[in-house]
Amino acid sequence: MDMIKRAFQRESVEGYLQKDSQMKRLLTTKDLIGLGVGTVIGSGIFILPGHEAASHAGPAVAISFLLAAIFSGIAGMAFAEFSSAMPVAGSAYSYGSVVYGELIGWLLGWSLILEYFLAVSAISTGFSAYMNNLLSIFGVHLPKALQAGPMEGGAINLLAVLVILLVTWVISRGINTSKSIENGAVFIKIAILILFIVGGSFFVKTSNYVPFYPKEFQTGLLGLGGITAATAGIIFSFLGFDTIAAHAAEVKNPTKTMAKGILGTVIISALLYTFFAIVLTGIVNYKQLGVDDPAAFALQTIHQTQFSIVITIGALIGMFTAILAMVFASSRLTYSFGRDGLLPKQLGHVSKRHQLPTNALILAAVVETILAGLVPLSTLASLINIGTLTAFLFISFGVILLRQRKDLTHEGFKMPLYPVLPIISSLISLLLIMQLPAETLEMYLIWLILGILCYFSYGIHHSSLGKK
């Protein structure tokens, strides 16, 4: 019983703030929106609309993206309240440790580790597909063995591995270098996306919108099974605000800046995703879009090769900055585990030269590189979403617990329509988790069991909270 009581012991915000004092507060609202949009407009927009249209919703995938954006905006408000009240590294892991107890915090962090590591690997796999497409236009063809991992008949996805290694090198140069690249690239890819939306609209065939929501996808309650399945499948596209929360320890004036960065990211991304999906499914029939590079494929189908090259370059920039942001966030989460003793303390070391958690960065990069090189995109994406939705569920409901804590009163952003909105967000998270495939739930359960074993065999005995 004492061990169970110890597992639910809560960390203090003051303790986290003291530990994170070695991190420099350099990020502004502009940097956060650049970081958030840089993640969102790369992790899904160039890859998932095609897959979800072909498999679940047809042209109605645009509605799925809009619903995902609205829901992510609501969940984003919960993250904004937490991050303004607790401007510390670790995102949902740290928040959960404060309001639920260390074990729940660890499991949320364990879910986020799955989410971040797989997201980096999935995006880099998409990057590889677009790069191979671009190279083929110029007559350059990599051997099949170097275009895919063993599970897809190859040896290794070489380009996916190389882009992660390049991103890791950029991050190792320091936070100023990373944010300069991120902010500059965001403007370029937004401009290219707008070019696709406006230019592509001239090639839309209204016949491709019929049927808008194909009958074969009309399953479940009120026939909305296809749309909700697509919504659940694309949630990881909106990881951007979660990565923002992971950097709260490095933000100037977090009580105001965090909310602006999170909500600004959701609004910009919602508009771009919805219009992109509408134009994409109007150019090419949804049945043809089950590919990893749907935008380039659609333009090549209508013989707009030069336009396709421009969009492919934009997609590559978008995915590069998304990988940058996600490797950044995954290293911060790994650092948080080391900081608190739940993983080896060397991971919590911050280098004096660049103020970076170097050991955590190396570990994150190694794991992500292995996954990207060997595991296919479809397998990666299905597991990312459940990690994201689990974090949404606990953090949304956690707002209620946060408000009840007298020692955590704050003057920053507060989620509106309390307590109705937090409860609605929690219920939607649970509904979308139930929409995920059974094999995804089974694999996630195995991951959680591994996390519990890791916690009780190592974490609880080395935790800095226990030593207090």
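The values are calculated or read from the model by the stated rules, or taken from the named source; none is laboratory data. The structure presented is a predicted model; accordingly, all values stated were derived computationally and were not measured. Using ideal geometry, Cβ is built from the backbone for each residue, glycine included, and neighbour counts are taken over all protein chains shown. The accessibility values were calculated without ligands, DNA or RNA, using every heavy atom of the protein model including side chains. Shrake-Rupley method; radii C 1.70, N 1.55, O 1.52, S 1.80 Å.
Listed highest first by mean packing, meaning other Cβ atoms within 10 Å per residue, what order do 135-147, 68-80 come in? Numbers along the way, then the final one.
Details: 135-147: 12.2, 68-80: 25.2.
Descending packing order for the listed peptides: 68-80, 135-147.
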ask   = Peptides 25-33, 360-368, 272-280: what's the order by average Cβ count within 10 Å, highest mean first?
value = 272-280, 360-368, 25-33
Residues with amide H under 5 Å from that of residue 342, placed H, sequence gap 5 or more = 464
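Using only alpha carbon pairs under 8 Å that are at least six residues apart, calculate the relative contact order of the chain and give it in whole percent. Let's see the in-between values first.
Details: 882 pairs, mean separation 151.6, N = 468.
Reported as a whole number, the value is 32 percent.
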key: Gained length - residue 12 relative to residue 212, 0.36 nm times residue gap less alpha-carbon distance   = 66.9 nm
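From the protein chains alone at 1.4 Å, what is the descending order of accessible area for 396, 172, 180, largest first? Let's see the in-between values first.
Values: 396 0, 172 30, 180 75 Å².
Listed by decreasing accessible area, they come as 180, 172, 396.
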ask   = Carbon and sulfur together cover what percent of the accessible area of region 112-153 at a 1.4 Å probe radius?
value = 67
note = Any residue on another chain or 5+ positions along whose placed amide H is under 5 Å from the amide H of residue 436 is listed here as none
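When the accessible area of region 330-468 is split by element with a 1.4 Å probe, what percent falls to carbon and sulfur?
Working: 4570 of 6450 Å².
In region 330-468, the share of accessible area belonging to carbon and sulfur is 71 percent.
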query = Each residue of region 214-219 in order: what ³J(HN,Hα) in whole Hz does its phi give by Karplus 6.51 cos²θ - 1.76 cosθ + 1.60, θ = phi - 60°, with x for Gly and Pro?
reply = x, 4, 5, 9, 7, 10
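Let me make sure I get this right: for region 172-315, a, b and c are the square roots of the gyration tensor eigenvalues over alpha carbons, sorted descending. Under 1.5 in a/c it's rounded, otherwise prolate if a/b > b/c, else oblate. Which is it?
Numbers: a/c = 2.69, a/b = 1.46, b/c = 1.85.
Note, shape of region 172-315 comes out oblate.
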message = What figure, in Å² to the nearest 10, do you get for the accessible area of residue 131 with a 1.4 Å probe and non-protein molecules left out?
response = 50
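Using a ≥ b ≥ c from the Cα gyration tensor of region 97-199 (square roots of the eigenvalues), is it rounded, prolate or oblate, where a/c under 1.5 gives rounded and otherwise the larger of a/b and b/c decides, a/b for prolate? Show your work: numbers first, answer last.
Working: a/c = 2.08, a/b = 1.37, b/c = 1.51.
Oblate is the answer for region 97-199, as a/c is 1.5 or above yet b/c matches or exceeds a/b.
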task = Output ³J(HN,Hα) for region 65-82: one whole-Hz value per residue in order, computed from phi by the Karplus curve 6.51 cos²θ - 1.76 cosθ + 1.60 with θ = phi - 60°, and x for Gly and Pro.
result = 5, 5, 4, 4, 5, 5, 5, 5, x, 5, 5, x, 5, 5, 5, 5, 5, 4
message = I'd like the Karplus ³J(HN,Hα) series for region 322-332: coefficients 6.51, -1.76, 1.60, θ = phi - 60°, whole numbers in Hz, and an x wherever there's a Gly or Pro.
response = 5, 4, 4, 5, 6, 5, 3, 5, 5, 5, 5
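Using mean Cβ contacts within 10 Å as the protection proxy, how do 214-221, 156-163 order, highest first?
Values: 214-221: 13.9, 156-163: 22.6.
Order by mean packing, descending: 156-163, 214-221.
Calculate the dipole size of the chain relative to its Cα centre from +1 charges on Lys and Arg beta carbons and -1 charges on Asp and Glu beta carbons; express the result in debye to the nearest 20.
On the way: 28 positive and 22 negative charges, 230 e Å.
Roughly 1100 debye, rounded to the nearest 20.
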inquiry  = Before I look further, what does the chain give for accessible area per residue, probe 1.4 Å, in whole square angstrom?
reply    = 38
message = List the residues, sorted by chain then number, that are 5 or more residues from residue 27 or on another chain and whose placed amide H is less than 5 Å from its amide H.
response = 251, 252
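Classify region 4-59 as rounded, prolate or oblate from the Cα gyration tensor: take a ≥ b ≥ c as the square roots of its eigenvalues, call it rounded if a/c is under 1.5, otherwise prolate when a/b beats b/c and oblate if not.
On the way: a/c = 5.49, a/b = 1.69, b/c = 3.25.
Cα axes put region 4-59 in the oblate bin.
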task = Kindly flag which residue pairs out of 189/287; 144/189; 5/467; 406/467; 30/252; 260/352 have an alpha-carbon separation exceeding 20 Å in this structure.
result = 189/287; 144/189; 406/467; 260/352
query = Per the 1.4 Å probe, what fraction of the accessible area of region 216-260, in percent, lies on carbon and sulfur atoms?
reply = 63
